[in-house]
1. Run the helix sum for chain A: -39,500 (n - 2.57) per DSSP H stretch of 4+ residues, divided by residue count, reported at 222 nm to the nearest 500 deg cm²/dmol.
2. Grab the alpha carbons of region B:53-159, take their convex hull, and tell me the volume per residue in Å³.
3. Got a number for carbon plus sulfur as a percent of region B:66-196's accessible area, 1.4 Å probe?
4. Pick out the long, greasy-scoring helices in chain C: whole DSSP H runs spanning 15 Å or more along their own axis by Cα, mean Kyte-Doolittle at least -1.0.
5. What does the convex hull of the Cα atoms of region B:217-326 come to per residue, in Å³, rounded to a whole number?
6. Give, as a single signed number, the net charge of other residues whose beta carbon lies under 13 Å from the beta carbon of A:LEU178, with Lys and Arg counted +1 and Asp and Glu -1.
7. Ballpark to the nearest 100 Å², how much total accessible area do C and A bury together, probe 1.4 Å?
8. Can you tell me the FRET efficiency between A:ARG162 and B:ASP111 if r is taken as the Cβ-Cβ distance and R0 is 30 Å, rounded to the nearest 0.05?
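The values are calculated or read from the model by the stated rules, or taken from the named source; none is laboratory data. These numbers were taken from a predicted model, which means no experiment stands behind them. Methodologically, a virtual Cβ is constructed for each residue, glycine included, from the backbone with ideal geometry; neighbour enumeration extends over all protein chains shown. The accessibility values were calculated without ligands, DNA or RNA, using every heavy atom of the protein model including side chains. Shrake-Rupley method; radii C 1.70, N 1.55, O 1.52, S 1.80 Å.
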Amino acid sequence: MRRGRALPPWSLTVLAALALLFLLLPLLALLLRAPWASLPRLLGEPSVRDALRLSLVTAVIATSVATVVGVPLAWVLARVDFPGRSLARALVTLPLVLPPVVGGVALLLALGRRGVVGGLIYDWTGWSLPFSTAAVVVAETFVAMPFLVITVEGALRGFDQRYEEAGAMLGAGRLTVLRRVTLPMLAPSLAAGVVLCFARALGEFGATITFAGNAPGRTQTMPLAVYLALEDDPQAAIALSLVLLVVSLAVLLLLRDRWLRRDLLT
Amino acid sequence: MTGGALAAQLQVERGSLSLHVDLAASAGEVVVLLGPNGAGKSTALRALAGLTALTAGRIALGDQVLDDVEAGVFVPPERRPVGLVHQDPLLFPHLTVRDNVAFGVRARGADRAASRRVAAEWLERLRLDHLAAVRPAALSGGQAQQVALTRALAAGPQLLLLDEPLAALDASTRAVLRTELREHLTTYGGPSVLVTHDPLDALVLADRLVVVEAGRVVQAGPPGDVARRPHTDFVARLVGLNLYRGTRAPDGAVALDGGGVLRAAGTSSATGPVLVALRPGAVALHASHPEGSPRNVWRGTVTGIELVGDRVRVAIDGAPSVLADVTAAAVADLGLQPGLGVWISVKANDLEVYRSAPPPP
Amino acid sequence: MITVYAASSLKDVFTLLGKEFSAAHPGTTVVFSFGSSSTLAQQLTQGAPADVFASASKTTMQTAVTAGSVTTSRVFATNVLEIATPPDDPGHVSALADLARSGVKVAVCQPAVPCGAGAAELFTKAGLSVTSVSQEADVKSVLTKVELGEVDAGVVYVTDVKAAGAKVRGIEIPTASNVSTSYPIGVVTASTEQAAAAEFVAFVLSSAGRQTLAAAGFGGP
């Protein structure tokens, strides 16, 4: 009998190892087959730098927009009992299960030049959203915001509301309580939601190419660049994939470290 | 912090709970709500705080009307000058002790520097200033509860509510904190309402005791009076008294509802339904019919024996049944065991006979 | 059952040819996978289970031959480009030169696919500087954007305009300025249905096949 900490049950260890292998193998293959030699040249190419810059900028804006409107939405869904709440909650989850391309088509039908709302705007101003960088942000926000809303709503629902009552008894109004009690206490979940949202926005492809189209420098994000490079230059596609992978990893690690340092319960 | 006396008529109907309680507390007075779990005491407190809606009734603090169902007045909790201390300290984990205490001050409009100054003063007053920079997670249960109280007081409430403030603490901490709490409640100028199911809290902290059972007030008065002359089995059990209901005859004998007759000392013209209270310590047990003075003597059968502290509590069936506290030596001498027949004697002087009057307003 | 990998621009006509082939060869079903020629060529290199490959340019077929996916191929049809606009012509486009006008939204295929390369060549030949708002993954995506009215004009094949019918309005490009592309077809070397595949290729190249192709707007080989 071994003293001290017991080993985890072997069945769990084996399954966990399989899962890890399954997730890591494609990434390892990417690293192994990457054309490391041509990487510096590729990174220097303006189209690659454009795509990367565009991806990061649009993902950051999309995440910011999602946070600014998504957190209030999560609060309303969690705290306010209004008629049709369960329907609203289901609709918010819809972009999660909708194939991204379908999302893109839906966006076109709503905000395109002939769209339900977009058509009115076009008739009025002569301007339409598709094929612009703003359209990329819209597409990314559409697919990524539900991640944030779901995470934050779940956290709010599980939150011990007695803390909010304590805040109220000390004279703090509802917004003050949200700002000074609830959100700080929910910071880890909030951060998780934001990171998830950002990652999803960064990797978005189907809705982007359908709604925003593909124009280098304006709407060609990294995922689009990778997909299109696959047509005639697979090596370039692999290299670009690697770049995206490294950038994504860097962002994730950066964010996680920041929030883990402020662990509230120790 | 000027405020008035509390005058509340609380009626809450919610599901299986039906609460109908009138409460009054003057400035500086500590009213303790005592009662079994589910009696509605916490609901009453939450109604005072504005966290639970009244079905009917009115809450006024001096000239301020906080709640008036008929007139359609409802002041939300955050605008009531009411402080609430919970069983759980509910300190904000992401703030230091000082910022926790400053929270209420800041919420009411002070800037950060001013609120921190006020917090520091309060922490010093309650001898907790050495904890100012500590995070709540590093505090002991007792310390956390003290900080919670300081936080509530620093916000300058005109009414202080405490919901089982000592219940989550271990026995020794509870004893220490009970004394501290008494001191703080004495210095606090406004009315306080404290809810508890612990009789010791009630007896130590209360200026006036209000017993609530099944959503209704069943007895109210100074704690000593309530303890000596309980109106309900709950309180009797709580303070450890034998309680009987009966009818007093003109000659002074009380015919008990459960069977048997008891005679108390003194004469009284009062006849009719009465309550009789008897301390277990005043009950004597004998192997054979006792000689001498006791006016109340009857026979019974031992049903249970239990060690309570350094005494032995003996439960005896008879007319009436009784709980008796005897020494271990007596148990040995009498050879007490379940099933044994014993003689019980009680002096007339040791019986409290009183009317179960309706509770005073 | 045989699997045919064919360029997007062949979608409508090959579906028809597939039905005709199955009718003439009972017991053999034809299953299609349509996409941009370059993507399909890549997939074949990765070992996709196809029996026949028909691409929209000789270049992409050459990629497949070089990779060893196809051994021999023969051109079975040609196609030329055409401009497609939404029926109500929001951009007031009547000729190729209008595409270079500022404010006109034009969609083309991305340069790596045959119709995209063709569009680029078309513009160079005409001496036009055209800024497209989107470079789509394949020609059908361009057509969709036109049909939805999101762009004022798209550069597609004549066969696509014909297949779309009333959904789009076509503007022919004069033959002198136009760019043509050839469609080669070949049996996939690794196919397990060599005989049936060869029969399908023969059918496409036959007079019956050529009739169907001509009806769809394709030119002769």
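1. On the way: 12 runs with 188 residues, N = 266.
My calculation for chain A gives -23500 deg cm²/dmol from helical runs alone.
2. About 116 Å³ per residue, rounded to a whole number.
3. Values: 2640 of 5320 Å².
Of the solvent-accessible surface of region B:66-196, carbon and sulfur hold 50 percent.
4. The answer, listed by residue number, is C:11-24, C:114-126, C:194-205.
5. Residue-normalised Cα hull volume stands at 131 Å³.
6. +2
7. Approximately 1800 Å² gets buried when C meets A.
8. About 0.60, to the nearest 0.05.
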